[in-house]
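The values are calculated or read from the model by the stated rules, or taken from the named source; none is laboratory data. What you see is a predicted model; the values in this text were computed from it and never measured. Reconstructed Cβ throughout: ideal geometry from the backbone, glycine too, with neighbour counts over all protein chains shown.
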Amino acid sequence: MAEITVAGLEKSYGSFTALHGIDLHVEDREFLVLLGASGCGKTTLLRCIAGLETASRGEIAIGGRRVDPLPPRARKIAMVFQNYAVFPHLTVFENIAFGLRMKKMPNAEVDEKVRRAATMMHIEQLLARYSGQLSGGQRQRVAVARALAMEPEVLLMDEPLSNLDALLRLEMRAELKGVLQESRTTTIYVTHDQVEAMSLADRIAVMHGGHIVQHASPLDVYRDPATRFVGSFIGNPPMNFLPATRTTAGWEVAGLTMPGPAIDAHTIEFAVRPEDLTPAETGLTGRVKVVEPLGAHQLVTMDVAGHHFRVVLESDLVVRPGETLRLAPRPERVRWFDPTSQTAIDRSLVPS
Amino acid sequence: MTATAPLPAHGAAPSDEIARALDLARAKRWLVAAVVTILCLWVLVPIYLVLVNALSTPSEVSGWPKSFVPSFAMESLAFFAGYRGVAEALLNSVMVAAITMVLSIVIGAPAGYALARFDFAGKNAFRILVLMTRAFPLPLLALPLAVAYIQIGLDDTILGLAFVHTMLAMPFAVLITASLFMGVPFELEEAAWTLGCTRLQAFVKVVLPLVSPGIAASAVFAFVVSWNEVFAAAVLTIENRTLTAFLLQSLNVSPLHLKFAGAAVLVLPALLFLFAVRKYLFAMWGIANR
Ligand SMILES: Nc1ncnc2c1ncn2[C@@H]1O[C@H](COP(=O)(O)OP(=O)(O)OP(=O)(O)O)[C@@H](O)[C@H]1O
Ligand SMILES: [Mg+2]
């Protein structure tokens, strides 16, 4: 049993606060992906859980046991560092064996576990090398293998695949997911890459400026972003936003009047994902600026009432720059945001 | 100019510029070569002269013209080696230098580690203070130190002198080891902690192997500082003189050829020692030596 509970965690560096009261619960055996823009505090949170950073306030428990007074070695964790931290004076083999040797494991067992981890990360032919003789991506895989070989209860990974080429990353990702599911390790995985986040995560925690702004399943995060930031950060191309003003009949968005939330405000924001629009007789009207074929689909960038607006359309539809397009949003996929708090407007307020 | 096709008009200026850049690069190369040559001669010529004269007969040393090829006459050196007290002085020098070496690393390296790894109040002041000990004139310290040593019975002992030499060598030990430790990413230690190490284990298993060549070099440096030191040695010892103090006292009134023999005996060990660890010294000063 190794669920992780973080309560009211705060971390300040002098006058700068990197983490603002983080509350996070990771279930036993869950694969949580921590997603967020550069500098939002992902590494800091991971380091606090690992015990490398002392929190200014708050509690951390692993497997129901308070760990914040404990040193890293007593927390039953393994960590993959963002900058690999592969020991330069040891061979790849000894690097992977390092933690096992600390556990005083017999040699035969060490040998077997090192080879298994190395095979998993496709570095078995590099075991005799030193880190100076490895490429960045190979070093990164040594770091992952070193953590996997420990068979920890909790695995903390800080962008462990960031330096691999697209194909290898895809392969490693699948491999990791398989291994971790089988070993039932509780995992926190940091990444910038939202495709990686979607494909790996049981749940995603999105961080923004030292806060966790949303913590939900990948699909929920995608469909129902809790804040405007989440909507624009997740999804490629990102969500479209347009201002909406109150009229007697509902909300007016770029000349189109539609039903919206029953709240007492003059202006709010209308949002829709690029793939949730279809050409129609009546709808949002805009001029096509750029057309980018993507194979099965085409990405069309338009100008709607002076705002950038992206749509993903079937590729058999003929669209040319300069044309005017009329697009109807799928009503069940339309979301509304409060422009002052930047948060989503409660969907129970929207008549369906 | 017999070029068949005229150069494009804008070609003239760049080619001029390139020629100037090439000239500048050539001049720079010459300058560097000249400076390096002068510096090498500055060090090598005196050493060479000492060795030549130490290996010449007494009459050659005081005679004229000089030969630049030694005659490999061993009599000066032989006489010097047989001189009463030389062997003891040599042994004293080695012992004092060895104790200095050990003490300055045992005390200096932890201070260097603290400077490299921890943020504490007065860190910069401490760094400057460490250097300031070198600015404090030893002659000013000599008398009170001698009195204090006599009171606690440390006068005329190898250990007492080694303490003073340790103080002289310490600033280098602290600053050199600090820069060594800074060169080892802290993350490596952290990784070792997450893999089951205590702080001490991480230091021993990860940091120490990475810095040991540099530590060896700074130990050698402490050795040489002690080996070369003459003032404190002359003031604080009477019976148990080190080689430098002994030579200062005995050779002042000796004939020239014996002075050369003494100088050779003094220079050679330090030179050999430095030569043996030159690789680490280069690494220490950040010069790639490959
Ligand atoms: N030792 C420190 N002193 C001061 N500020 C720090 C320190 N470490 C991190 N920070 C700040 O804390 C914030 C969060 O840093 P962190 O490394 O957690 O970001 P991150 O989300 O991991 O970013 P990235 O995706 O680029 O790795 C940053 O604004 C950073 O400047
Ligand atoms: Mg980071």
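Observations
- Looking only at region A:162-178, residues that are touching a strand residue (DSSP E or B) at 6+ places or on another chain (Cβ under 8 Å) and not basic (Lys, Arg) come to 1 in all.
- Verdict on B:Leu180 being under 18 Å from the mean Cα position of the chain (by Cα), within 14 Å of chain A (Cβ to nearest Cβ), closer than 28 Å to B:Asn228 by Cβ and at pLDDT below 90: yes
- Contacts under 8 angstrom Cβ, first residue in region A:274-285 being within 10 Å of A:Leu325 (Cα to Cα), partner among the polar types (S, T, N, Q) and in a strand (DSSP E or B), 6 or more apart: A:Thr285/A:Thr324
- Just one of the listed residues (B:Phe282, B:Phe273) is over 17 Å from B:Met101 (Cα atoms), at pLDDT below 85, part of a helix (DSSP H, G or I) and among the aromatic types (Phe, Trp, Tyr), and it is B:Phe282.
- Residue in region B:218-236 that is closer than 26 Å to B:Pro139 by Cα, more than 14 Å from chain A (Cβ to nearest Cβ) and not in a helix (DSSP H, G or I) present: yes
- Hits in region B:183-196 - residues which are outside any helix (DSSP H, G or I), of a type in the set (A, V, I, L, M) and at the interface with chain A (Cβ under 7 Å from one of its Cβ atoms): B:Leu195
- Among the residues of region A:54-75, those identified as buried (at least 18 other Cβ atoms within 10 Å of the Cβ) and either closer than 17 Å to A:Val26 by Cα or within 11 Å of chain B (Cβ to nearest Cβ) (or both) are A:Ile60, A:Ile62, A:Val67, A:Pro72, A:Arg73, A:Arg75.
- Filtered residue count, region A:298-345, keeping only those that are of a type in the set (Val, Ile, Thr), surrounded by fewer than 13 Cβ atoms within 10 Å (Cβ to Cβ) and touching a Leu at 6+ places or on another chain (Cβ under 8 Å): 0
- Considering region A:5-40, the residues that are hydrophobic (A, V, I, L, M, F, W, C) and near ligand 1 (Cβ under 9 Å from one of its atoms) include one that is modelled with the lowest pLDDT, namely A:Ala37.
- Residue in region A:112-125 that is within 25 Å of B:Arg117 (Cα to Cα) and out of contact with any Ser or Thr (no Cβ under 9 Å at 6 or more places or on another chain) present: no
- Those residues of region B:237-246 which are surrounded by 23 or more Cβ atoms within 10 Å (Cβ to Cβ) and either aliphatic (A, V, I, L, M) or not in a helix (DSSP H, G or I) (or both), in sequence order: B:Arg241, B:Thr242, B:Leu243, B:Ala245
- Conditions (1) away from chain A (no Cβ under 12 Å); (2) touching an Asp or Glu at 6+ places or on another chain (Cβ under 9 Å): number failed by B:Arg199: (1)
- Whether a residue is at pLDDT 95 or above and out of contact with any helix residue (DSSP H, G or I) (no Cβ under 9 Å at 6 or more places or on another chain) was assessed, and A:Pro106 passes this test.
- Long-range neighbours under 7 Å by Cβ, at least six apart or interchain, first residue in the same structural domain as A:Val26 (by TED's automatic domain parsing) and in contact (Cβ under 8 Å) with a residue 24 or more places away in the chain within region A:189-216, second within 14 Å of ligand 2 (Cβ to nearest atom) and of a type in the set (Lys, Arg): A:Val190/A:Lys42; A:Met207/A:Lys42
- Unique residue being of a type in the set (Lys, Arg), touching a strand residue (DSSP E or B) at 6+ places or on another chain (Cβ under 7 Å) and within 13 Å of ligand 2 (Cβ to nearest atom) when the list is A:Lys42, A:Lys11: A:Lys42
- Single unsatisfied condition, A:Pro339 versus (1) modelled with pLDDT of 90 or more; (2) in a strand (DSSP E or B): (2)
- Contact annotation: residue pairs with Cβ atoms under 8 Å, 6 or more positions apart or on different chains, pairing a residue in region A:156-177 that is assigned to a helix (DSSP H, G or I) with a partner that is of a type in the set (D, E, K, R) and within 16 Å of ligand 2 (Cβ to nearest atom), are A:Arg169/A:Glu196; A:Arg173/A:Glu196.
- Residue within region A:167-179 that is assigned by TED's automatic domain parsing to the domain that holds A:Gly136 and within 16 Å of ligand 2 (Cβ to nearest atom) present: no
- Single match in B:Val50, B:Val36 (criterion: within 30 Å of B:Arg241 (Cβ to Cβ) and either surrounded by 10 or more Cβ atoms within 10 Å (Cβ to Cβ) or modelled with pLDDT under 75 (or both)): B:Val50
- Just so you know, in region A:39-53 the residues that are outside any helix (DSSP H, G or I) and more than 13 Å from every other protein chain (Cβ to nearest Cβ) include one that is nearest to B:Leu200 (Cα to Cα), and it is A:Gly41.
- Screening the candidates B:Ala114, B:Ala125, B:Ala121, B:Ala73 for the property of being at pLDDT 80 or above, more than 30 Å from B:Thr237 (Cβ to Cβ) and in a loop (DSSP other than H, G, I, E, B) yields one hit, B:Ala121.
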